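The values are calculated or read from the model by the stated rules, or taken from the named source; none is laboratory data. Note that this is a predicted model, so its numbers are computed, not measured. With ideal geometry, Cβ positions are generated from the backbone for all residues, glycine too; neighbour counts draw on all protein chains shown.
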Amino acid sequence: MDNQYFSKEGLEKLKEELRYRMEVLRPEIAQRIKEAKEQGDLAENAEFDAAKEAQSMNEGRVEDIRAIIENAVIISSGSNSTGMIGVGSTVEAKSSAGTHKFVIVGVSESNPAQGFISNESPLGKTFLGHKKGDSVEVKTPRGVTEYKILEVN
């Protein structure tokens, strides 16, 4: 698995999900399985099947989270001494649609509706390595959009 980029807060949120899945969800599912077993015939026990499915999904997610945390790279936001856009940079850019503020984050934290764009998205990839004053063209499914980079933090 490749490195995945996280803000300190994003990584803490992921660690909290892992803790919840291991300390809360796992025992709840185990209790459901136990109760379903006590009902008798497991061959036609829908609750047992559902609990086993929930257990499988939870354990799969636990393993995924562990692998992500193992390969996590914390990005620092704020002061950018080089002025170049990288993961963790906040970018203010102007296009024909207006001025927008973006934060370049890792895939796991991306939320375009809130301005958090992945370093692997077309826009994120295009911004990387540029600086204030640069103009970039981004190819998207809707066509090409030009952005003028106004500020980089």
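Residues checked against (1) farther than 30 Å from V105 by Cα; (2) in the same structural domain as S118 (by TED's automatic domain parsing); (3) modelled with pLDDT under 95:
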position: E9; (1), (2), (3): no, no, yes
position: K13; (1), (2), (3): no, no, yes
position: E17; (1), (2), (3): no, no, no
position: Y20; (1), (2), (3): no, no, no
position: E23; (1), (2), (3): no, no, no
position: R26; (1), (2), (3): yes, no, no
position: A36; (1), (2), (3): yes, no, yes
position: D41; (1), (2), (3): yes, no, yes
position: E44; (1), (2), (3): yes, no, yes
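Selection over segment 53-65 of residues that are touching a helix residue (DSSP H, G or I) at 6+ places or on another chain (Cβ under 9 Å) and modelled with pLDDT of 95 or more gives a count of 6.
Candidates S110, S56, S96: the one that is among the hydroxyl-bearing types (S, T, Y), without any contact (Cβ under 8 Å) to a residue 40 or more places away in the chain and not assigned by TED's automatic domain parsing to the domain that holds R19 is S110. It is to be established whether one or more residues within segment 132-150 are within 26 Å of N3 (Cβ to Cβ), surrounded by 12 or more Cβ atoms within 10 Å (Cβ to Cβ), modelled with pLDDT under 95 and touching a Gly at 6+ places or on another chain (Cβ under 8 Å). Checking segment 132-150: not a single residue is within 26 Å of N3 (Cβ to Cβ), surrounded by 12 or more Cβ atoms within 10 Å (Cβ to Cβ), modelled with pLDDT under 95 and touching a Gly at 6+ places or on another chain (Cβ under 8 Å). Taking segment 87-120 as the range and being closer than 18 Å to V152 by Cα, in contact with a helix residue (DSSP H, G or I) (Cβ under 8 Å, 6 or more places away or on another chain) and surrounded by fewer than 20 Cβ atoms within 10 Å (Cβ to Cβ) as the test, only F116 passes. Restricting the first member to segment 9-30 and to residues that are within 20 Å of N71 (Cα to Cα), and the second to residues that are loosely packed, with under 11 Cβ neighbours inside 10 Å, no beta-carbon pair is closer than 6 Å while six or more apart or on different chains.
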